[in-house]
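Here the structure is laid out as C-alpha cells; the discussion comes afterwards.
The values are calculated or read from the model by the stated rules, or taken from the named source; none is laboratory data. As the structure is a computational prediction, the values presented were derived from the model and not from experiment. Cβ atoms come from the backbone with ideal geometry, glycine included; neighbour counts cover every protein chain shown.
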Amino acid sequence: MADQRQRSLSTSGESLYHVLGLDKNATSDDIKKSYRKLALKYHPDKNPDNPEAAEKFKEINNAHAILTDATKRNIYDKYGSLGLYVAEQFGEENVNTYFVLSSWWAKALFVFCGLITGCYCCCCLCCCCNCCCGKCKPKPPEGEEQEYYVSPEDLEAQLQSDEREASDAPIVIQPASATETTQLTADSHPSYHTD
C-alpha cells in the first residue's frame with residue numbers, strides 16, 4: 001500500500017462523477033439515487049470478506065459528500081480535485097482568487113509592474129517617502145495653511161529664549177490643593193438651573 005504512487009490532483013472535475021456512474025450534468029436526485037444503490041452494493045456489512053469493497057465504499061461516500069454540497073460541487077466542476085485541495089488549504093471563498101492570481105497573465109502583470117517600477121522601488125519611494133522626498137508632493141488647497149519646516153537648531157534656539165524670558169520672574173505662590181469637587185477652570189461657575 002505504501003508503494004503505490006500518490007494520486008495526482010485533477011483539474012477536469014469528472015472522476016467523482018465516474019465513481020457514482022454519472023455524467024457531469026447529473027441532478028442532485030440522480031446523485032442521491034446512484035449513491036444509495038452503490039452504497040448498498042459495496043457496504044462493508046454486506047461484503048465482510050472483501051477489503052476492496054470497503055475502499056470502494058469510502059470512495060462512494062467521499063464522492064457523495066462533495067457532490068451533494070453545492071459549494072464544493074461548484075468548485076469541483078470548475079477546478080477539479082485541485083480546486084477542492086485549494087479550498088481546504090485557503091478556504092472556499094478564496095478559491096477563485098487563488099486561481100486568478102496563479103494564472104499566467106496575473107504572473108506576467110506582476111513581473112511587468114516589477115520591471116517598470118525598478119523592482120517596486122518607485123512604488124515604495126512614492127508611498128513611503130512622500131513622492132520623491134516631497135518634491136512631487138501635491139500642493140495643499142489655497143484656503144489651508146501650508147506646513148512649514150522648522151529646523152532642529154531653530155527650535156532649540158526658540159526653546160532657550162523662552163526659558164530665559166520665563167526665568168526672569170520667579171514663581172512665589174504655592175498651588176492650591178485640589179479635590180474631586182475643585183473646578184478645573186476658575187472662570188466658570190456651575191449652574192444646575194434649566195431656566
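What about ASP77, is it surrounded by 15 or more Cβ atoms within 10 Å (Cβ to Cβ) and in contact (Cβ under 8 Å) with a residue 12 or more places away in the chain?
yes
Taking the residues in segment 22-38 that are without any contact (Cβ under 8 Å) to a residue 24 or more places away in the chain and part of a helix (DSSP H, G or I) as candidates, determine which candidate is surrounded by the fewest Cβ atoms within 10 Å (Cβ to Cβ).
If we take residues in segment 22-38 being without any contact (Cβ under 8 Å) to a residue 24 or more places away in the chain and part of a helix (DSSP H, G or I), then ASP29 is surrounded by the fewest Cβ atoms within 10 Å (Cβ to Cβ).
How many of the residues making up segment 18-67 are out of contact with any helix residue (DSSP H, G or I) (no Cβ under 6 Å at 6 or more places or on another chain) and within 25 Å of ASN94 (Cβ to Cβ)?
Qualifying residue count for the region: 2.
Kindly indicate whether any position in segment 8-21 is within 38 Å of the chain's Cα centre (by Cα), within 21 Å of ARG73 (Cβ to Cβ), at pLDDT 85 or above and part of a loop (DSSP other than H, G, I, E, B).
yes
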